[in-house]
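Structure first, then comments.
The values are calculated or read from the model by the stated rules, or taken from the named source; none is laboratory data. Treat the numbers as computed from the prediction; the structure is a model and nothing was measured. Cβ coordinates were reconstructed from backbone atoms using ideal geometry, including for glycine residues, and neighbour counts include every protein chain displayed.
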2 protein chains.
Amino acid sequence: MNLDDPVIAVIGAGAVGGYYGARLAQHGHRVHLLMRSDAAAVRHSGLRIDSRDGNFSLSPSQIHVHDDPRSLPQADLLLIALKTTANDRLGELAGPAVKDDSAILTLQNGLGNEQRLAELFGEQRVLGGMAFVCLNRVAPGHIVHSDHGKIRLGEYLGGPSQRARQIAALFRGSSVPCDVVENLAYGRWEKLVWNIPFNGLGALLDLTTDRLVGNPDGLALVTRLMQEAIDTAKALHLQLPDNLIQKEIDYTRTMGGYRTSTQIDRQKNRPLEVEAIWGEPLRTAQRNGIATPALETLYLMLKMLPNCGQYR
Amino acid sequence: MNLDDPVIAVIGAGAVGGYYGARLAQHGHRVHLLMRSDAAAVRHSGLRIDSRDGNFSLSPSQIHVHDDPRSLPQADLLLIALKTTANDRLGELAGPAVKDDSAILTLQNGLGNEQRLAELFGEQRVLGGMAFVCLNRVAPGHIVHSDHGKIRLGEYLGGPSQRARQIAALFRGSSVPCDVVENLAYGRWEKLVWNIPFNGLGALLDLTTDRLVGNPDGLALVTRLMQEAIDTAKALHLQLPDNLIQKEIDYTRTMGGYRTSTQIDRQKNRPLEVEAIWGEPLRTAQRNGIATPALETLYLMLKMLPNCGQYR
C-alpha cells in the first residue's frame, strides 16, 4: 500500500464522494471517480465546487472519470461514498479496484457499512469515517459546500493505526480537517444520536432542524430518540457523555434551518437510507434487549412513506 | 322535553351534521342548522345529498339555516357536530339553543367531548354517539354519503335510558340505523382502537387504509397502536374482546382505499383533531400508568405537522 502517492478510487461520486475526491485531486493526488449520471458532464467540463472556504474547479485532465467499475485501476485507497441503499451493489462496484493491500474507507451514513465491506473484502482492509459536512450536488459536476467539512475516521477493528493516521494526514494535506478516533463504534453511535432524530423526523414531518428544536413537542421527540440511542450504545459498552443530549440540541440551534440529507432525499423522491440509520440501530437494540419504542415507531413509519421505495 | 315532535338544532352542520340533519328534515322533523360558510348557499338552494341509499334534496323551506347562534330556537335535541378543534367555542355556539330539558348529543370524534359539554351545560343533559359513516362535503350544501351511516349512542352517565331509546327511534324513523349502547365509554374506546391507528397514520404518512394494512410494517404499527389503546381501556375496566385487533384489521381490508377524515383534513390544510383522538387517550393512559410509547410518538408527530396549526 502506498499512501504517500496513492491511487485513490471514489466509489459513488455524488455530493460527498465528489467533494472529497475533488479536494484530493485539487492537491495533486491521482483520483478516479466512479459515477453514473454525471460521468459525461464531468468528462466534458470537469468539476466545480462552490465552497464556503473558497470556490475551485478541476479541469477534465485533473480527474479520471469512470462509469464502469471494470475500468477502475487497482487502488491504494478506496473511498466508499455510495448511498447505503445501493449497498447490495458494493461488491460489483468496488471489487475491481480492490487489491491485496488496499485500504477501504467508508464515509457512508449509519451502521453496518463496515461490516458489509468486511464480509466482501476482508475486515483487515476496512476503515470507517464520519463526514461532518453540508454538501449539495446542484447540477451534474457542480457541488455546493455550504458548511463544515471535517472527517473523523478510524479502523473497523482495533484502535488508531499507522494507516489511519496516514489517511488522516492525506486529507489534512488536502484542505480537509481530519482526525483519527480512538474507537470507531463510539464515533458512529455519537453521530447516530444526532442522525436518528433529525434525519428521521426531518424527513417524516418535512421539517428543518430549527423547527424540530423550536417547540416542546419537537424537543420531547428528539430527546426521547436520542436517549434510546444512548441506551443502546451503553449496552455495547460505549458510554456517551451525560450531557450529550443538551450539547447536541444546543449545537443544532446554531445550525439555523438545516435540511438533512434524508429530508432532501424525500423531497427529491429518492430512496431513504432507512436501514443504515434506523434499521441497523434498532436491530442492535433488539439483540441487546434495549427497549427503543420511539425508534421502532419512527423506523416503521419511514419504511411506510410512499416514496421510500419499500411499498410502491 | 318533547322527543315526539322535537325542535332539533344541529351545531356545526358540516358533512356529519348536515347529513344527519338532512335525514331528520327529510322525514318531516323541524331541523335548525347552525352553519358558517355554507349558510348563504343552503338558504338559497337547500341541501343536496348524494347517498348510496338513494339521492335526495331538501328545499330551503324544509330546513332552517342559521349563521348566528343567537337566532337559534330553544331545542329539545341538540346534535353537536362541530370539529373538536372548535370545542373552545362550544358554549357560545350551542348555549343559545339549550333549555332546561334539552338533550345534547355529541357526534364528535374522540374523547373528552361529553366532559366538555357536561362542564358547560350539566352532565344530566349530555349523551354521546359514534357515527360510523363515510361522508364528504363536496361543495356548499352538497354532501356525498358514500358508505355506512349507523349511529351508536348512549348516556354520558348511566346505562340505557328512556331518552336514549327515544332518540334512537327518532333516527331509525329517519332512515338512520341507530342503536343504544350499554356503556358509552366502552363504545368510545372501541372506536378509538380504529381511529388512533388509521386516522393517525393515514394523516401522518398520507396513506389510505388499504396501504396501511397491505404490508407487514403497516400491520406492525397498526397492531402496536391498537394494543396500546386496548391496554388503556382495560385500565378503565373496559374489557374489549380478545380478537378485536384481528376483527378490525379484517374489517378494514373490506373498505378498500379509504381516506380517513384526518387524512383529508391534512390534505386540505385544515386543523387536525389531535387532542380528541390522540391527546385525550394519551393523557388517560398516563393518568392510569399505562405505557403507550407508540401513541405518544404518534401524538407528538401529529402535533408537529406543519399544517396542524400548533406551530406555524
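Does region B:221-244 contain at least one residue that is surrounded by fewer than 22 Cβ atoms within 10 Å (Cβ to Cβ), of a type in the set (Asp, Glu), at pLDDT below 95 and within 29 Å of B:Gln115 (Cα to Cα)?
The answer is yes; a qualifying residue exists.
Where residues in region A:291-312 are more than 9 Å from chain B (Cβ to nearest Cβ) and modelled with pLDDT under 95, which of them is surrounded by the fewest Cβ atoms within 10 Å (Cβ to Cβ)?
By that ranking, first place goes to A:Arg312.
I'd like to know if region B:61-68 contains one or more residues that are of a type in the set (Val, Ile, Thr) and either closer than 30 Å to B:Phe198 by Cβ or touching a residue at least 60 places away in the same chain (Cβ under 8 Å) (or both). Working first, answer last.
Our first condition is that a residue be of a type in the set (Val, Ile, Thr); within region B:61-68, this holds for B:63, B:65.
If we keep only those that are either closer than 30 Å to B:Phe198 by Cβ or touching a residue at least 60 places away in the same chain (Cβ under 8 Å) (or both) too, we end up with none.
Within region B:61-68, none of the residues are of a type in the set (Val, Ile, Thr) and either closer than 30 Å to B:Phe198 by Cβ or touching a residue at least 60 places away in the same chain (Cβ under 8 Å) (or both).
Only one residue in A:Ala39, A:Ala25, A:Ala13 is touching a residue at least 40 places away in the same chain (Cβ under 8 Å) and in the same structural domain as A:Ala118 (by TED's automatic domain parsing). Which one? Talk me through it step by step, then tell me what you get.
Numbers: A:Ala39 fails: touching a residue at least 40 places away in the same chain (Cβ under 8 Å); A:Ala25 fails: touching a residue at least 40 places away in the same chain (Cβ under 8 Å).
Selected residue: A:Ala13, the only one of A:Ala39, A:Ala25, A:Ala13 that is touching a residue at least 40 places away in the same chain (Cβ under 8 Å) and in the same structural domain as A:Ala118 (by TED's automatic domain parsing).
Confirm whether A:Arg48 is assigned by TED's automatic domain parsing to the domain that holds A:His142, part of a strand (DSSP E or B) and either without any contact (Cβ under 8 Å) to a residue 60 or more places away in the chain or surrounded by fewer than 20 Cβ atoms within 10 Å (Cβ to Cβ) (or both).
yes
For region B:234-312, which helices (runs of 4 or more DSSP H) that fit wholly inside it have 2 or more residues that are over 23 Å from B:Gln108 (Cα atoms), touching a Leu at 6+ places or on another chain (Cβ under 9 Å) and in the same structural domain as B:Asn195 (by TED's automatic domain parsing)?
On the way: elements: B:244-253, B:261-267, B:280-287, B:293-304.
Those helices (runs of 4 or more DSSP H) span B:293-304.
Could you list all residues from region B:201-228 that are under 23 Å from B:Ile151 (Cβ atoms) and either of a type in the set (Gly, Ala, Ser) or not assigned by TED's automatic domain parsing to the domain that holds B:Thr297 (or both)?
B:Gly202
In region A:186-214, what residues are more than 14 Å from the chain's Cα centre (by Cα) and away from chain B (no Cβ under 14 Å)? Spell out the reasoning first.
Within region A:186-214, the subset more than 14 Å from the chain's Cα centre (by Cα) is A:186, A:193, A:197-198, A:200-214.
A:Tyr186, A:Val193 - these are the residues of region A:186-214 that are more than 14 Å from the chain's Cα centre (by Cα) and away from chain B (no Cβ under 14 Å).
With the structure loaded, tell me whether A:Asp217 is within 14 Å of another protein chain (Cβ to nearest Cβ) and under 28 Å from A:Ala81 (Cα atoms) or whether it fails that test. Don't jump to the end; show me each part of the working.
Numbers: within 14 Å of another protein chain (Cβ to nearest Cβ): yes; under 28 Å from A:Ala81 (Cα atoms): no.
For A:Asp217, the condition - within 14 Å of another protein chain (Cβ to nearest Cβ) and under 28 Å from A:Ala81 (Cα atoms) - is not met.
Please work out which residue is farthest from the other protein chains (Cβ to nearest Cβ), limiting yourself to region A:171-183 and to residues that are in contact (Cβ under 8 Å) with a residue 60 or more places away in the chain and in contact with a helix residue (DSSP H, G or I) (Cβ under 7 Å, 6 or more places away or on another chain).
Restricting attention to region A:171-183, the residues satisfying the condition of being in contact (Cβ under 8 Å) with a residue 60 or more places away in the chain are A:171, A:173-176.
Imposing the further condition that a residue be in contact with a helix residue (DSSP H, G or I) (Cβ under 7 Å, 6 or more places away or on another chain) reduces the set to A:174-176.
Numbers: A:Ser174: 41, A:Ser175: 38, A:Val176: 36 Å.
Applying the filter and picking the extreme gives A:Ser174.
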